[in-house]
Amino acid sequence: MAGKVIIRKLSNPKEFEKLVEIQRVVWKHPDLDLTPVHQFCISSFMGGLVLGAFVDGELAGFVYSFPAIYNGKFCHHSHLLAVLPQFQGYGLGKRLKWAQRKEVLKMGLDLITWTYDPMQTRNANLNFHTLGVICRTYLPDFYGETPALRLGPGIPTDRLLVEWPIKSARVQKKAEAKKEETPDLSFLPKALEGQAAEDGTYRPGKPALRLEAPVFLVEIVRDVRSLQSSPELIAEWQSSLRQVLTHYFRRGYVIMDFLFGEKCYYLLKKLPETGSGKKK
């Protein structure tokens, strides 16, 4: 992408009107499911944050977050991140998130949260591997009867709630874009692993729910969009993933990373216990 990129705050209705159109183009949602201009207006006035990415003066994408309380702690919750198709693949989403972090740090906060569909591997890679979020919360069918947010007919709107500890050393290292070696972790035990079925499909195997390893992997189908003609297969993967993650979250594990390749895996790690018996 050749062009000058500027990221700045948006604060007036005319700019917010463009955000409605960006949502419509990127997600193709019906108007009922689009965040409206008046929501951006009041949110930005009352402590919310709306950042726009401009390429040679053209608004190419945006990120939107608002003040929230999570586990009794003030934070920002990031609700929307969108980049127009012609500007995707150039790192604008990543730049918007780092700009969001910078602005939220100025507010004196140290946590940003958001939700996303755990079946979306590219989002998982950005969230965990690039930005450094962690996750210990699975939200089954969180958005309920919202067809625009489903992966297919009748498939629940499951989500992961991720936590971005924006002051942590781990996140700071990622912000500095320090190159990290990606070791071969394929030897790690797997709580969920795909297998080729007789009909030629790639299906989840039986979840392994008795692992005691401090670190293990959970496989997820690489491209859920390729399964859109087989919603029952999407549902099968989703159900298996839900079973595994909810089980191990209850046992004190968190998702710490995501491995994106020919096969894709969530990496779960057991958090150490403090003297009070609570997890750090």
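Here, each number is a calculation from the coordinates, and none is a lab measurement. Owing to the predicted nature of the structure, the values given are computational and were not obtained by experimental measurement. Ideal geometry is used to build each Cβ from the backbone, glycine not excepted, and the neighbour counts take in all protein chains shown.
Here is how the numbers come out for the structure above:
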read-out	value
Along principal axes, Cα extents of segment 52-116, largest first, whole Å	40, 24, 15
Over the chain, equivalent-ellipsoid semi-axes from the Cα gyration tensor in Å	31, 23, 18
Alpha-carbon spread of segment 117-258, three principal axes, descending order, Å	44, 35, 28
The chain: most fluctuating residue of 167, 106, 190 per GNM, C-alpha cutoff 10 Å	106
Approximate spin-label separation residue 273-residue 215, in nm, with each point projected 7 Å along Cα-to-Cβ	2.2
Two-site FRET efficiency, residue 58 against residue 26, from Cβ-Cβ distance with R₀ of 22 Å, rounded to 0.05	0.90
Kirkwood Rh and Cα Rg combined as Rg/Rh, segment 152-192	1.15
Residue among 110, 158, 199 with the largest mean-square fluctuation in a Gaussian network model of the chain, springs linking Cα atoms under 10 Å	199
Quarter of the Cα convex hull surface for segment 11-111, i.e. its orientation-mean projected area (nm²)	6.9
11 Å cut-off, amide nitrogen to a point 7 angstrom out along residue 168 Cα→Cβ, residues in segment 245-261	254-257
Listed residues 16, 249, 87, most fluctuating in the chain (Gaussian network, C-alpha, under 10 Å)	87
Hypothetical label at residue 18: residues of segment 64-87 whose amide nitrogen lies under 13 Å (7 Å Cα-Cβ projection)	84
Cα centre as origin, Lys/Arg/Asp/Glu Cβ charges: the chain dipole, Debye	1160
Neighbour cut-off at most 11 other Cβ (10 Å), DSSP loop, GluC sites (Glu not before Pro), segment 132-183	145, 176, 180, 181
Rounded D (µm²/s) - segment 48-191, Kirkwood Rh over Cα pairs, Stokes-Einstein at 10 °C, 1.306 mPa s	96
Spacing of the two label points (7 Å from each Cα toward its C-beta) at residue 175 and residue 35, in nm	2.1
Mean projected area in nm² (Cα convex hull; one quarter of hull surface) for segment 169-238	7.2
Rotationally averaged projected area of segment 1-57 (alpha carbon convex hull; nm²)	4.4
Ratio of the Cα radius of gyration of segment 85-168 to 2.2 N^0.38 Å, where N counts its residues	1.21
